[in-house]
Amino acid sequence: GQHSATYFPEYDSTLITYYVKFVVGSTTIDSTDYPAGTLAKDVKVPENVTKEPTSQYSYRFVGWNKDIADVTKNAMYTAVFEEVERGYVVTFIVNGVKTSAEYAYDTKAEDLKVPATDRAATAQYTYTFKSWDKALANVTESATYTAVYDSTVNTYTITFVVEGVSTPAEYAYGTKAADLKTPATTKPANDQYTYNFKAWDKTLADVTGAATYTALFDS
């Protein structure tokens, strides 16, 4: 007899899915499979997307290279960044006073604004600017430069006056009173008086400035 056959089509129950990737440069930061037909609003978009700064630039995330679309095929979205020139603080220290300014990456050493390097003398020292503690360099990072000085001990004139005759000499600041070279303190006798040295008009002191000492005599 004749046999009849009925055929039922078999359906693959596997749902069709597509991947959606988000990348920063060559790095995939998220890859997720979505059922075909998933709406754009249901695609999970990464947040707080960042890119490592370089010495010269930091990067501000501005969005993706194209609008997020409904899922109908595999898709890849690439992060887009805006370059922001990085600034670096350069500080100069002169006699304890700091002067700071911000400069763009690779500003030339000769274009740095260098403060005045005058340093007021003290009673003991006169200062001459020698150099910065290190060579000024093109800006590639924050940096601090400190002024270095040569110091010279100041000298002062100490004068001894004996009978109107002055004997001046230079002494370094801090020379001890005992180390001052005093002249002879004699005064010739006359018909009426003999003179004996009594003292200097003030006590000899360590050298901190110019001074004059006058011999006093007893007659």
Residue list for region 79-135, restricted to those being at pLDDT 95 or above, out of contact with any strand residue (DSSP E or B) (no Cβ under 7 Å at 6 or more places or on another chain) and among the acidic types (Asp, Glu): Glu110, Asp111
So Ala120, is it open to solvent by 60 Å² or more (accessible area, probe 1.4 Å), small (Gly, Ala, Ser) and either on the phi < 0 side of the Ramachandran plot or under 28 Å from the mean Cα position of the chain (by Cα) (or both): yes
Pick from region 17-44, criterion assigned to a loop (DSSP other than H, G, I, E, B) and surrounded by 13 or more Cβ atoms within 10 Å (Cβ to Cβ), ranking: nearest to the chain's Cα centre (by Cα): Val43
Test: residue in region 137-154 that is loosely packed, with under 13 Cβ neighbours inside 10 Å, more than 19 Å from the chain's Cα centre (by Cα) and either farther than 30 Å from Val207 by Cα or not polar (S, T, N, Q) (or both): yes
Subset of region 62-86 [within 23 Å of Tyr19 (Cα to Cα), open to solvent by less than 70 Å² (accessible area, probe 1.4 Å) and of a type outside the set (Val, Ile, Thr)]: Gly63, Trp64, Ala69, Ala75, Tyr77, Ala79
Single match in Lys198, Lys181, Lys202, Lys187 (criterion: charged (D, E, K, R), more than 30 Å from Val89 (Cα to Cα), over 27 Å from the mean Cα position of the chain (by Cα) and not in a loop (DSSP other than H, G, I, E, B)): Lys198
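The values are calculated or read from the model by the stated rules, or taken from the named source; none is laboratory data. Note that the coordinates shown come from a computational prediction; the quantities given were computed from them, not determined experimentally. Backbone-built Cβ (ideal geometry, glycine too); neighbour counts: all protein chains shown. Heads up: the accessible areas ignore ligands, DNA and RNA and are worked out on the full protein's heavy atoms, side chains in. Shrake-Rupley method; radii C 1.70, N 1.55, O 1.52, S 1.80 Å.
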